[in-house]
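Worksheet for the structure shown next.
The values are calculated or read from the model by the stated rules, or taken from the named source; none is laboratory data. A quick note: this is a predicted structure, and the numbers were derived from the prediction, not measured. Backbone-built Cβ (ideal geometry, glycine too); neighbour counts: all protein chains shown. Note: accessible area is taken over every heavy atom of the protein model, side chains too, but ligands, DNA and RNA are not part of it. Shrake-Rupley method; radii C 1.70, N 1.55, O 1.52, S 1.80 Å.
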Amino acid sequence: MLSFGVVYLGYAFYLAFLFDSDSYLIFFQAFIVPVVMVVNFFRNRTPKPKLTDTQKAWREYQKSAGRQ
């Protein structure tokens, strides 16, 4: 994600100081897509599964027997 920031910063420097034309085109999708990707990443995460009673009992048995 940091590389995208470096690319945008380099492009901004190019447009501000090196570009000689009167106008340029900005694609706003380039700024929206990273935000949508981060939102989808957090939205699509699966929650940690809950332990069943049998699994809890087995873990307690292992702890009491000294086998972690």
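Look through the stretch 44-59, keep the residues that are part of a helix (DSSP H, G or I) and open to solvent by less than 90 Å² (accessible area, probe 1.4 Å), and return whichever of them is farthest from Phe4 (Cα to Cα).
At the first step, the residues of the stretch 44-59 found to be part of a helix (DSSP H, G or I) are 53-59.
Adding the requirement that they be open to solvent by less than 90 Å² (accessible area, probe 1.4 Å) leaves 55, 57.
Details: Gln55: 44, Ala57: 48 Å.
Top of the filtered list is Ala57.
If you check Phe19 against the conditions, is it open to solvent by 90 Å² or more (accessible area, probe 1.4 Å) and not charged (D, E, K, R)?
no
Identify, please: which residue in the stretch 25-43 is surrounded by fewer than 10 Cβ atoms within 10 Å (Cβ to Cβ) and over 11 Å from the mean Cα position of the chain (by Cα) and is, among those, farthest from Val6 (Cα to Cα)? Lay out the reasoning, then the answer.
Here is the first cut: in the stretch 25-43, the ones surrounded by fewer than 10 Cβ atoms within 10 Å (Cβ to Cβ) are 25-29, 35, 41-43.
In the following step, the residues that additionally are over 11 Å from the mean Cα position of the chain (by Cα) were identified as 25-29.
Numbers: Leu25: 19, Ile26: 17, Phe27: 17, Phe28: 17, Gln29: 17 Å.
The residue in question is Leu25.
Which one is modelled with the lowest pLDDT among residues in the stretch 1-16 that are of a type outside the set (Val, Ile, Thr) and open to solvent by 90 Å² or more (accessible area, probe 1.4 Å)?
Looking only at the stretch 1-16, we keep the residues that are of a type outside the set (Val, Ile, Thr), and these are 1-5, 8-16.
Narrowing the set further to residues that are open to solvent by 90 Å² or more (accessible area, probe 1.4 Å) leaves 1-2, 4, 9, 11, 13-14.
On the way: Met1: 57, Leu2: 68, Phe4: 75, Leu9: 87, Tyr11: 86, Phe13: 90, Tyr14: 89.
Looking at residues that are of a type outside the set (Val, Ile, Thr) and open to solvent by 90 Å² or more (accessible area, probe 1.4 Å), I get Met1.
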